[in-house]
1. List every residue pair whose Cβ atoms lie under 6 Å apart, where the two residues are 6 or more positions apart in sequence or sit on different chains, the first residue falls within the stretch 24-48 and is under 22 Å from residue 277 (Cα atoms), and the second residue, located anywhere, is surrounded by fewer than 20 Cβ atoms within 10 Å (Cβ to Cβ) and not basic (Lys, Arg).
2. So which residues in the stretch 328-368 are small (Gly, Ala, Ser), exposed (fewer than 13 other Cβ atoms within 10 Å of the Cβ) and outside any loop (DSSP other than H, G, I, E, B)?
3. Residues being outside any helix (DSSP H, G or I), out of contact with any helix residue (DSSP H, G or I) (no Cβ under 7 Å at 6 or more places or on another chain) and surrounded by fewer than 23 Cβ atoms within 10 Å (Cβ to Cβ): count how many of those fall in the stretch 137-155.
4. Just for strands (runs of 3 or more DSSP E) wholly inside the stretch 229-295: which have at least 2 residues that are among the small types (Gly, Ala, Ser) and within 14 Å of ligand 1 (Cβ to nearest atom)?
5. Would you mention how many residues in the stretch 156-188 are surrounded by fewer than 17 Cβ atoms within 10 Å (Cβ to Cβ) and under 20 Å from the mean Cα position of the chain (by Cα)?
6. Return yes or no: is residue 121 away from ligand 1 (no atom under 16 Å from the Cβ), in a loop (DSSP other than H, G, I, E, B) and touching a residue at least 60 places away in the same chain (Cβ under 8 Å)?
7. Looking at the stretch 200-228 only, could you name the residues that are touching a residue at least 24 places away in the same chain (Cβ under 8 Å), assigned to a helix (DSSP H, G or I) and among the aliphatic types (A, V, I, L, M)?
8. Of the conditions (1) surrounded by 18 or more Cβ atoms within 10 Å (Cβ to Cβ); (2) touching a residue at least 60 places away in the same chain (Cβ under 8 Å); (3) more than 16 Å from ligand 2 (Cβ to nearest atom); (4) not small (Gly, Ala, Ser), residue 297 clears all except one; give me its number.
Amino acid sequence: MKQVRFLMVGGFLGAGKTTAIARLARHYTDHGLRVGLVTNDQAYGLVDTLHLQAQGFEVGEVPGACFCCKFDELIDTAAKLGADQQPDVILVEPVGSCTDLMATVLQPLQHLYSNQYRLGPLMVLCKPEHGRKILGGETGGFSPQAAYIFLKQLEEAQVIVLNKTDRLSAAERQQMLKLLGERFPEKNILGASGTTGEGFAEVVASLEQDAQTVESALEIDYDIYAEGEAALGWLNCAAHLEHPETTWSLDEITQLLVVQFSQSLLDAKMEPGHIKVLASAEGSTAVANWVASDSPVELSAASKLEVKTANLLVNARAHGAPEKLQQCVQDSLRAIAAKRGLACEITSVQYFRPGRPEPIHRYTTPRG
Ligand SMILES: Nc1nc2c(ncn2[C@@H]2O[C@H](COP(=O)(O)OP(=O)(O)OP(=O)(O)O)[C@@H](O)[C@H]2O)c(=O)[nH]1
Ligand SMILES: [Mg+2]
C-alpha cells in the first residue's frame, strides 16, 4: 500500500501556518506531487479553508473542535482527499491554540495507521510578534496560561521555524534565534519567511526527515492548558455587504473593516491572536489580517475587484471575553457599512471560549 506523507505545521494563532502551508503545497505541486490539505478550527466557517481553496488547493476541513478531540474525523477527512487518487503529501494545520499534538494526534496516527501514513517531523512556527515577548519572560498581552501554550507548542516541536524573518531586522532575528536556542538547545531551529520564501529550501529539507520517535509525552498540565484556551475569545461570523447602486473596492473595505476591528479591540484592551476577514465576490477573494496589537493591519490577499455585493467571513481570536469580541466585531461592521452607505446583514455568528481539550487518544510512551 502506498504511504502518504503526513506533515503537520503548528504554531500559535497568526504565526503564519496557512501561508507556510500554501507555500509548501505549491512547492510539492511544482515537483509533480499530488497535495491535499486539512484545516481545523473550534468553530465553523473557516477563513483558512476558503483562502486555500481560492489558491486552487484541495482542502478538507475538521471544524467544531481541535484535532485531538476529533481524531477520527481527521482520519476520515484525510482519507477522502484526492477522491479517486490519493495525494502524495497531506499538509495539516492544527488550531493555533492547540498543543500536545505529538501525544494526542501524531503518535496515535503513527501507531494506528502506519500502513497508510508516513509521518514527517512536527514543525512549529514561532510567531515573532508575540514570541519576542513570551520568550523574554512576558505574556505578550495574553494570560500567563495562554503564554504557557505558546511555549508548550515550541517545546514539543521537532523542527522550530522562526517565521516572518522578512519582517525582522538582522539584530532582531539574531536575538530571537538566540532566545530560541537557549530555551530549546536540542532542537533544529530554522529561520524562514512564508511570504517571501526566504529560508524555505531548509524548511523543505527538514521536512524530508521522518518523525523521530518520542520517548515520553510532553509534560503538560491540562488545567493550565484549558485555562489558557479559555482565556481567549473566539468568534466566527458570516455577513453580506451590498450597495444598492454603486460599486466599491472589495480590498479597501476588507482592510478598513479589520482596521476598525483593531481600533475597537485596542480600546477594549484585547490583545489579538489573529483577526482575519475574507471577502469574496465574483470568484475572487480579499483577505485582511491583524496579528498583534503593535503590528499593522495587512491586506494579505488582494482581489482588485470593484463590486456591489460581497460575502464576508470573519474569524477573530483575541484575549478576553467572547461577548466583548462579538460586540466589537458587530459594531465595527455596522460602523464601516454606515460610513460607506452599505447594507450589512450578519447571517451567522458563533462566539465562545474554547472548551477543555479532551483528547480521544493520549500516548505517553511509544507504542509499536
Ligand atoms: N511578513 C510576513 N508576514 C507573514 C508571513 N507569514 C504569514 N504572514 C502574515 O501573517 C498573518 C497570519 O498568517 P496566516 O498564515 O494566516 O497565519 P496562521 O498561523 O495560519 O493563523 P491562524 O490559522 O489564524 O492561527 C497574515 O497577515 C500573513 O500574511 C511571513 O513570512 N512574513
Ligand atoms: Mg491559519
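1. Cβ pairs passing all conditions: 37/57; 41/63; 43/350; 44/63; 45/238.
2. First, pick out the residues of the stretch 328-368 that are small (Gly, Ala, Ser): 332, 335, 337-338, 341, 343, 348, 355, 368.
If we keep only those that are exposed (fewer than 13 other Cβ atoms within 10 Å of the Cβ) as well, we get 338, 341, 343, 348, 368.
Within the stretch 328-368, 338, 343, 348 meet the criteria.
3. From the stretch 137-155, those outside any helix (DSSP H, G or I) are 137-143; that's our starting set.
Pick out the ones that are also out of contact with any helix residue (DSSP H, G or I) (no Cβ under 7 Å at 6 or more places or on another chain) and you get 137-138, 141-142.
Next cut, surrounded by fewer than 23 Cβ atoms within 10 Å (Cβ to Cβ) only: 137-138, 141.
Residues in the stretch 137-155 being outside any helix (DSSP H, G or I), out of contact with any helix residue (DSSP H, G or I) (no Cβ under 7 Å at 6 or more places or on another chain) and surrounded by fewer than 23 Cβ atoms within 10 Å (Cβ to Cβ): 3 in total.
4. Details: elements: 232-242, 272-281, 284-290.
So the answer is 284-290.
5. Pass one, the stretch 156-188, residues surrounded by fewer than 17 Cβ atoms within 10 Å (Cβ to Cβ): 166-167, 169-172, 174-175, 178, 181-183, 185-188.
Still in the list and also under 20 Å from the mean Cα position of the chain (by Cα): 166-167.
Matching residues across the stretch 156-188 total 2.
6. Values: away from ligand 1 (no atom under 16 Å from the Cβ): yes; in a loop (DSSP other than H, G, I, E, B): yes; touching a residue at least 60 places away in the same chain (Cβ under 8 Å): yes.
So residue 121 passes the test.
7. Those that are touching a residue at least 24 places away in the same chain (Cβ under 8 Å), assigned to a helix (DSSP H, G or I) and among the aliphatic types (A, V, I, L, M): 203, 204, 207, 224, 226.
8. (2)
The values are calculated or read from the model by the stated rules, or taken from the named source; none is laboratory data. A quick note: this is a predicted structure, and the numbers were derived from the prediction, not measured. Every residue, glycine among them, receives a Cβ derived from its backbone with ideal geometry; neighbour counts consider all protein chains shown.
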